Amino acid sequence: MPVIEIAGKQVHVNEEGFLTEYDEWSEDIAKVLAQQIDVDLTDEHWKVINFLRDDYKTEGESATTRRVQTVGGIPVKQQFVLFPKKPAKKMAYIAGLPKPKGCV
Amino acid sequence: MKQIVILGGGTAGTMVANRLVKFLPSDQWRITVVDQNNEHLYQPGLLLLPFGKYKPKDLMRERRDFLPKQVELILSNVLAVEPALNRVQLSGHEPVAYDYLIIATGTSPRPDQTPGMDDPSIWRNSVFDFYTLDGATALRDRLATWSGGRLVVHVTEMPIKCPVAPLEFAFLADAFLEERGLRDQVSITYVTPLEGAFTKPVASKQLGSMLEERSIALEPDFVIERVDPETKTLISMDEREVPFDLLVTVPLNMGADFLAGSGLEDELNYVKVDKGTMQSRSFDNVFALGDASDIPASKAGSVAHFSAEIFTENFVDLVQGKPMPRAFDGHANCFIESGKGKGLLIDFNYETEPLTGKFPWAGIGPLSLLKETRANHLGKLAFRWIYWHLLLRGRPIPIPALMSMSGKNPTTTN
Ligand SMILES: Cc1cc2nc3c(=O)[nH]c(=O)nc-3n(C[C@H](O)[C@H](O)[C@H](O)COP(=O)(O)OP(=O)(O)OC[C@H]3O[C@@H](n4cnc5c(N)ncnc54)[C@H](O)[C@@H]3O)c2cc1C
């Protein structure tokens, strides 16, 4: 796995640039990752990202858009507004988590 | 006497009942299967039925005939599981207590979960699903007289059972319409929530170019919000629109309703399990096999078979108080019909995506992976016989439970 520098910190990423180590993530890193995919982070974005981070800790996998809606309380429609076109992938990317499953 | 209760006598429930009786002495173990009806449906046949290849009766058998004699079959609807009380509630039957519970109630299409999809003005008139016998039969009748227009093949949300089936449907529809001299009057669009034709890169590329060759348009990343019954349009969460004259959709797939609120399930009523042992993550004496579990593998008969094999061997250790030593690897093996008497084969697991190569023997085959051949098509047709005679009865098939890399061409990415 390649190691790259983001926001002055060395982090492990996979071929697609997703962070592979949960604990290497920080809010500063999230800001850089968001910038890279043209997302301007607002409080609403942070609500989603914090939900994803917490949920991953208990579930061991990235929440799907459906789970972010039913458990996190943010409608899928709104997730599309916040993270256009590919919310599942973009949310996980910024939150430093693997791409969500469901893709098998 | 110890009691095992198996909920669902479909592919997984039947296989595991047949395997368990071989390992567990009948004077110490009582095995009960519960299913809502006595008709076992060969679901892979639903793909070909709309094109007139099978009749409904070719796909139905009596459930009872595939279960061992010493296994009790209760025909009843499961109403609730109470894992804290080790008990299940059935309709029209007293509650049944268990020492071990195996949930194998599968998954089913739920058109009611997408606004407008099952609106009576369009449902089974211009909107069809082929994942049920009624749906596939109604679609057959519609296709027989259809004069052309915009055909849209659609996947609502992942995961669905047999994730290649909608792609196969698109390939077969293309060939069927060409045969009838209608292909010029039809546009076909494949609409999917995935980024491409399929999930994993190598297969997605191969299957994507097969769509192109057939002039089937691809509409990826499409997460549906609703169907507009008046204008006959699919509308996505980000307000894209796809109009149709004939929509063949795979509705949202969900686990059984009785799992909701049981404490065992996720948002789609799949039982949360350990992906190696299929043991519930909340109750040690509860397992889920087949489509009913949340393992990140394809929901397919082959996965049910391989995982049931691992499960049974582990279970024998477990009841002797030993740890469960074996871990399922997510092995799936699926034929893909591509039309005109040809097919592909994919073989993969949790870690390894579908690759090209030969199967099951390196260099020899006789089957080819991710490549259109006649042999693969014959393999798919033979699968019906294998299903009734070997798979369900828990007899050995010449494919190991865990995936092998032999014969596969690894990708060069690192
Ligand atoms: C169109 C199509 C094509 C497919 N093609 C292939 C293929 O080519 N290869 C392949 O490997 N797989 C294929 N599959 C998938 C395969 O059929 C399933 O993965 C497999 O049947 C799963 O087995 P299961 O036992 O988990 O569920 P099922 O076989 O669906 O059994 C579930 C059982 O539970 C019962 N049940 C559900 N709820 C209740 C309740 N509340 N009370 C009582 N009983 C209940 C049902 O009656 C049913 O008998 C295909 C599926 C479809 C729809």
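Things to note:
- Each part reduced to its alpha carbon centroid, region B:113-133 and region A:62-104 end up 27 Å apart.
- Shape of chain A, Cα gyration tensor, a/c cut at 1.5: prolate
- Counting neighbouring beta carbons within 10 Å and listing from fewest to most, the residues B:T199, B:T192 come out as B:T199, B:T192.
- The alpha carbon gyration tensor of region B:226-349 gives principal lengths a ≥ b ≥ c with a/c of 1.5 or higher and a/b no greater than b/c, which makes the shape oblate.
- Kirkwood's formula applied to the C-alpha pairs of chain B gives a hydrodynamic radius of 22.2 angstrom.
- Note on region B:109-252: semi-axes of the ellipsoid equivalent to its C-alpha gyration tensor, largest first and rounded to whole Å, are 20, 19, 14.
- Approximating the spin labels as points 7 Å out from Cα along Cα→Cβ, the B:S121-to-B:K340 distance works out to 4.1 nm.
- Folded to 0 to 90 degrees: helix A:43-59 orientation relative to chain A principal axis, Cα: 80
- Shown for region B:279-351 is the translational diffusion coefficient from the Stokes-Einstein equation, using the Kirkwood radius over Cα pairs, a temperature of 4 °C and a viscosity of 1.567 mPa s: 94 µm²/s.
- Each DSSP beta bridge with both residues in chain B is either parallel or antiparallel, and the antiparallel ones are about 50%.
- Footprinting exposure proxy ranking of B:H377, A:H45, B:H40, B:H389, fewest other C-beta atoms within 10 angstrom first, gives B:H389, A:H45, B:H377, B:H40.
- Projected label distance in nm at B:S26 and B:I364, using a 7 Å step from Cα toward the beta-carbon: 3.9
- Within the protein assembly as shown, DSSP assigns beta bridges of which about 55% are antiparallel (rounded to the nearest 5).
- When Rg and the Kirkwood Rh are both derived from Cα coordinates, the Rg/Rh ratio for region B:233-298 amounts to 1.18.
- Taking each of B:K299/B:K380; A:K89/B:K408; A:K86/B:K200 in turn, the alpha-carbon distance tops 21 angstrom for A:K89/B:K408.
- Whether region B:1-77 is rounded, prolate or oblate, judged on the alpha carbon gyration tensor where a/c under 1.5 counts as rounded: prolate
- Remark on the protein assembly as shown: ratio of C-alpha radius of gyration to 2.2 N^0.38 Å is 0.98.
- Distance violations [Cα-Cα > 25 Å] among B:K69/B:K161; A:K9/B:K272; A:K90/B:K371; B:K272/B:K322; A:K9/A:K57: B:K69/B:K161; A:K9/B:K272; A:K90/B:K371
- The Cα-based radius of gyration and maximum Cα-Cα distance (Dmax) for region B:332-391 are 11.5, 32 Å.
- Shown for B:S91, B:S338, B:S282: other C-beta atoms within 10 Å of each C-beta, ranked fewest to most, produce the order B:S91, B:S282, B:S338.
- Helix B:301-318 and the long axis of chain B differ in direction by around 20°, with both axes built from C-alpha atoms.
- Degrees between helix B:165-179 axis and first principal axis of chain B (Cα, 0 to 90, nearest 10): 40
Read-outs: derived from the displayed coordinates by stated rules, not from any lab. Since the model is a prediction, treat every value here as computed from it, not as a measurement. Glycine also receives a Cβ, built like all others from the backbone with ideal geometry; neighbour counts cover every protein chain displayed.
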